[in-house]
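For reference, the structure is listed below as structure tokens.
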Amino acid sequence: MKSSEETLVINKQPLKLQFGKFAQSVDTSVFATLGDTAVLVTIAVGAENPAIDYFPLSVEYVEKLYAGGLIKGSRWIKREGRPSDEAVLTGRLIDRSIRPLFPKLFKKQVQIVITLLSVDGVNSPEIVSAIATSAALAVSSVPWEGPISTTKVGYIPSPENKNGTFVLNPSDEEQEYSFLELVVSSTSEKVVMIETQAGMLSENIIEEGIEMAKKENKKIIDFIAGIVKKIGKTKSEIPNDEANKDIESIIAKSYKSDLTEAMKEAAITPGTNSPALNEIIDRMFEETEGKYDKKKILGIVTKYNYEQIRKNILDKKKRPDGRKVDEVRNIDVEVGLLPRTHGSALFQRGQTQVISISTIGSTTLEQLIEGPEGKDTKRYIHHYSDGPYSYGQTGRMMGPSRRAIGHGALAEKAIEPVLPTAEEFPYAIRVVSEILAENGSSSMGSICGSSLSLMDAGVPIKSAVAGVAMGIVTKSDTEYEILTDIVGLEDFSGEMDFKVAGTSNGITAIQLDVKNKGLTKEMIHNIFERAKLARLYILEHMNKVLSKARLDISQYAPKVVILTPPSDKIGDIIGPGGKNIRALIARTKTEINIEDDGKVVISGIDRKGVQDAVNTISDMTREVQVGEEFEGEVKRILPFGAFVECIPGQEGLVHVSKMSDQFVKDPSKIVSLGQRVKVKVIQIDSQGRINLQLIK
């Protein structure tokens with residue numbers, strides 16, 4: 001490709017796209033910069049693999065620590081390891097934005113690699129990467145119905161609760177004040193991807209943000225379209241598949257009724273191989289005399305089945321499992337299932353079953369995240385776990401898939417806005433959602449289960465959170481049917497998976513994937529209305545079992561207390577060579593950590609031990625007042641008096657004149673070492689020395 005450079009101003013900063021300058025061996029490369037954030041996007045195209053009956057697209061987002069001027073913190077390993085969760089999520093965001101616009105019959109291998117080369121902390125790498133990927137695909141030889149663009153929108157509410165302010169592509173600093181992180185990918189007219197975290201905002205605010213993002217995207221799409229006219233490559237031809245017509249003809253002639261019955265079985269027993277469907281495939285294989293392999297036949301039969309499901313929904317409003325289009329499946333909720341965990345809840349909706357388990361611990365257990373933009377910590381962690389058995393199948397037990405990482409991140413986004421602050425609840429929190437059975441919307445089930453599990457653990461969340469997945473089938477932009485709480489068959493045969501989570505007061509998270517060419521403004525509005533009704537219905541069922549957090553945490557959870565003593569008292573707590581703090585840890589059987597900001601974190605299972613440690617440190621660091629009385633231990637005896645430890649770490653002098661009404665020549669005649677005596681503070685001199693009087 002001939003080298004070319006184009007520039008567009010976004011948010012008063014230049015977006016520069018350089019084509020063909022780097023990585024010249026690939027089909028297309030784009031070096032993109034926005035401010036001082038820079039990425040390299042490469043598109044490599046491989047041959048078609050006859051053994052693969054799907055479009056083999058892979059999108060990889062590669063973070064390099066040098067982009068932020070950093071070296072890996074590990075002492076031994078300096079090379080970047082496996083992709084971080086953030087890198088996986090950015091790759092997924094871009095993948096979900098571009099995938100719907102590829103032709104279904106294109107089967108060549110396409111690999112898109114986005115490498116983060118420089119980051120400035122102002123311009124979002126994921127936005128630059130998404131735009132550069134769209135530009136690269138648009139000018140490449142790969143057939144694709146773009147371009148698209150991606151924009152992030154923030155929302156800062158006003159102090160008077162009036163209309164807030166929307167911010168396009170907010171910087172990291174602006175995002176700290178925002179109640180919204182809305183990422184929208186769209187074509188000139190329709191939305192193809194949404195990823196959102198929101199602070200319980202109304203549907204109207206979210207819709208307004210989406211429209212603002214679409215308007216901004218239109219400018220960038222027009223910019224990319226102009227580049228395509230200048231340097232765009234000729235697109236590869238899309239193959240025709242005559243096998244489809246042959247097998248479709250056989251289906252229409254002999255197998256319609258059989259496939260209808262097989263579909264009913266598949267709807268009832270998701271995740272398992274359908275004996276009826278397998279029998280039909282075998283018969284068709286024999287009828288075609290082995291001209292097409294069984295995998296090919298299965299693919300075309302599946303496509304036919306999906307078309308019938310869509311037809312039944314559009315023409316008869318008949319869903320595979322017999323529900324109404326706006327009906328939520330049966331809900332079953334239990335809490336406190338596991339006796340020794342800190343919190344647990346079972347949430348089942350239809351055939352999707354999730355158990356969520358909450359664990360709380362000291363803030364020292366927060367997750368440390370190391371990335372190009374620096375180090376950060378996560379106080380709340382959600383992990384989504386789905387073994388092969390959840391689909392009724394066998395398979396290898398491996399680490400989390402990209403899908404599992406994405407679902408866990410979505411649940412984190414949905415729950416974070418309702419969590420108490422670290423000051424209100426000084427704990428690190430981890431929730432694991434074990435997917436026990438899956439037939440549609442397990443990610444939303446994990447959100448519902450996690451909300452209940454946290455309340456069961458005594459985490460004082462602001463409000464319960466529920467989620468629902470919405471689907472759609474369309475004849476046109478004005479003729480369509482929205483489906484509430486979709487099952488697996490409706491996800492596969494439908495045109496979108498629109499997940500909406502939130503409380504009774506507003507939305508906390510959204511994730512949208514589409515399989516069509518996008519959603520109109522009217523569609524999105526109607527989907528939000530339907531999703532809100534479903535969310536409130538689910539919350540009603542959850543609240544019947546547990547509507548607010550338990551008053552106390554589990555007896556098996558550690559008690560955590562955070563103290564903030566004066567900075568000049570930290571040395572007293574530690575003691576010479578750590579003597580004081582080690583002795584206190586041993587005596588109280590607690591864990592005590594002093595953080596860089598001076599906070600003292602005390603944790604332990606034994607409540608009495610924690611309280612003892614708290615009282616001791618509080619006494620060590622507080623200021624003694626004149627007139628206070630104490631019972632303390634005699635630590636030293638000198639000719640002029642005795643030193644008594646009135647509170648841990650603080651001694652005062654009882655002068656011989658304050659030991660008795662009579663003259664005292666030898667203090668050891670009145671007190672002895674180790675003796676506990678009652679004293680009263682009578683003076684604190686200008687140097688902070690404490691003078692005491694013995695109380696009989």
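The values are calculated or read from the model by the stated rules, or taken from the named source; none is laboratory data. Everything numeric in this text was worked out from a predicted model, so none of it was measured. Every residue, glycine as well, gets a Cβ built from its backbone with ideal geometry; the counts of neighbours run over all protein chains shown.
Remarks
- Every listed requirement among (1) within 25 Å of R587 (Cβ to Cβ); (2) in contact (Cβ under 8 Å) with a residue 40 or more places away in the chain; (3) surrounded by 13 or more Cβ atoms within 10 Å (Cβ to Cβ) is met by I647 save one, (2).
This table checks each residue for (1) of a type outside the set (S, T, N, Q); (2) surrounded by fewer than 17 Cβ atoms within 10 Å (Cβ to Cβ); (3) in the same structural domain as G374 (by TED's automatic domain parsing); (4) in contact with a helix residue (DSSP H, G or I) (Cβ under 9 Å, 6 or more places away or on another chain).
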{"position": "Y54", "(1), (2), (3), (4)": "yes, yes, no, yes"}
{"position": "S58", "(1), (2), (3), (4)": "no, yes, no, yes"}
{"position": "A67", "(1), (2), (3), (4)": "yes, no, no, yes"}
{"position": "L93", "(1), (2), (3), (4)": "yes, no, no, yes"}
{"position": "S97", "(1), (2), (3), (4)": "no, no, no, yes"}
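- Only one of the listed residues (E424, E434) is over 13 Å from the mean Cα position of the chain (by Cα) and modelled with pLDDT under 95. That residue is E424.
- Residue in the stretch 244-257 that is farthest from T187 (Cα to Cα), counting only those that are surrounded by 16 or more Cβ atoms within 10 Å (Cβ to Cβ) and out of contact with any Asp or Glu (no Cβ under 8 Å at 6 or more places or on another chain): Y255
- Residues of the stretch 638-654 satisfying the condition of being more than 24 Å from A583 (Cα to Cα) and touching a helix residue (DSSP H, G or I) at 6+ places or on another chain (Cβ under 9 Å): L638, P639, F640, G641, A642, V654
Residue-wise test of (1) touching a Leu at 6+ places or on another chain (Cβ under 6 Å); (2) not polar (S, T, N, Q).
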{"residue": "W76", "(1), (2)": "no, yes"}
{"residue": "S84", "(1), (2)": "no, no"}
{"residue": "L93", "(1), (2)": "no, yes"}
{"residue": "L101", "(1), (2)": "no, yes"}
{"residue": "F106", "(1), (2)": "no, yes"}
{"residue": "V110", "(1), (2)": "yes, yes"}
{"residue": "S118", "(1), (2)": "no, no"}
{"residue": "V122", "(1), (2)": "no, yes"}
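- Number of residues in the stretch 174-212 that are closer than 30 Å to D27 by Cα and surrounded by 16 or more Cβ atoms within 10 Å (Cβ to Cβ): the value is 11.
- Single residue of K589, K544, K635 found to be within 30 Å of I331 (Cβ to Cβ) and either surrounded by fewer than 18 Cβ atoms within 10 Å (Cβ to Cβ) or modelled with pLDDT of 90 or more (or both): K544
- Exactly one residue out of K311, K295, K317 is of a type in the set (K, R) and either at pLDDT below 80 or closer than 23 Å to P50 by Cα (or both), and it is K295.
- Candidate set: the stretch 116-158, residues that are more than 24 Å from the chain's Cα centre (by Cα) and among the hydroxyl-bearing types (S, T, Y); chosen: the one modelled with the lowest pLDDT: S158
- Residue count for the stretch 118-145 under the criterion of being under 25 Å from P170 (Cα atoms) and outside any helix (DSSP H, G or I): the result is 7.
- Listed by first and then second residue, the pairs with beta-carbon distance under 7 Å, at least 6 apart or on different chains, first residue in the stretch 301-314 and touching a residue at least 12 places away in the same chain (Cβ under 8 Å), second among the acidic types (D, E) and surrounded by fewer than 17 Cβ atoms within 10 Å (Cβ to Cβ), are Y304/E248.
- Condition met for V39 (in the same structural domain as A213 (by TED's automatic domain parsing) and surrounded by 17 or more Cβ atoms within 10 Å (Cβ to Cβ)): yes
- Test: residue in the stretch 681-696 that is in contact with a helix residue (DSSP H, G or I) (Cβ under 9 Å, 6 or more places away or on another chain), buried (at least 17 other Cβ atoms within 10 Å of the Cβ) and not in a strand (DSSP E or B): no
- T616 fulfils the conditions (1) closer than 24 Å to I684 by Cβ; (2) in contact with a Gly (Cβ under 8 Å, 6 or more places away or on another chain); (3) buried (at least 17 other Cβ atoms within 10 Å of the Cβ); (4) among the β-branched types (V, I, T) except for a single criterion, (2).
- Looking only at the stretch 390-422, residues that are more than 27 Å from V500 (Cβ to Cβ) and either in contact (Cβ under 8 Å) with a residue 24 or more places away in the chain or not assigned by TED's automatic domain parsing to the domain that holds I369 (or both) come to 3 in all.
- Filter result for A642 (within 53 Å of the chain's Cα centre (by Cα) and either at pLDDT 90 or above or under 25 Å from G571 (Cβ atoms) (or both)): no
- Any pair with Cβ under 7 angstrom, 6 or more apart, that starts in the stretch 357-370 at a residue that is more than 25 Å from I435 (Cβ to Cβ) and ends at one that is among the small types (G, A, S) and part of a strand (DSSP E or B): S362/A428; S362/S603; T363/A428; E366/A428
- Breaking point among (1) modelled with pLDDT under 95; (2) over 20 Å from I194 (Cβ atoms), for P170: (2)
- Scanning the stretch 24-41 for residues that are among the β-branched types (V, I, T) and part of a loop (DSSP other than H, G, I, E, B) yields a total of 1.
- Here I52 meets the list (1) modelled with pLDDT of 95 or more; (2) under 28 Å from K517 (Cα atoms); (3) of a type in the set (A, V, I, L, M) almost entirely, failing just condition (1).
- Flag if D596 is of a type outside the set (V, I, T) and in the same structural domain as R582 (by TED's automatic domain parsing): yes
- Qualifying residues in the stretch 437-485 (those that are among the charged types (D, E, K, R) and over 23 Å from S547 (Cβ atoms)) - the one nearest to the chain's Cα centre (by Cα): E438
- Test: residue in the stretch 437-457 that is touching a residue at least 12 places away in the same chain (Cβ under 8 Å), farther than 25 Å from A262 by Cα and either surrounded by fewer than 23 Cβ atoms within 10 Å (Cβ to Cβ) or in contact with a Pro (Cβ under 7 Å, 6 or more places away or on another chain) (or both): no
- Residue-level analysis places K462 among those that are at pLDDT 95 or above, surrounded by fewer than 17 Cβ atoms within 10 Å (Cβ to Cβ) and not in a helix (DSSP H, G or I).
- Within the stretch 154-196, the residues that satisfy the criterion of being assigned to a loop (DSSP other than H, G, I, E, B) and closer than 30 Å to W144 by Cα are N169, P170, T187, S188, E189, K190.
- Filtering G408, G392, G374 for residues that are at pLDDT 90 or above and either over 14 Å from V88 (Cα atoms) or crowded, with 19+ Cβ neighbours inside 10 Å (or both) leaves a single hit, G408.
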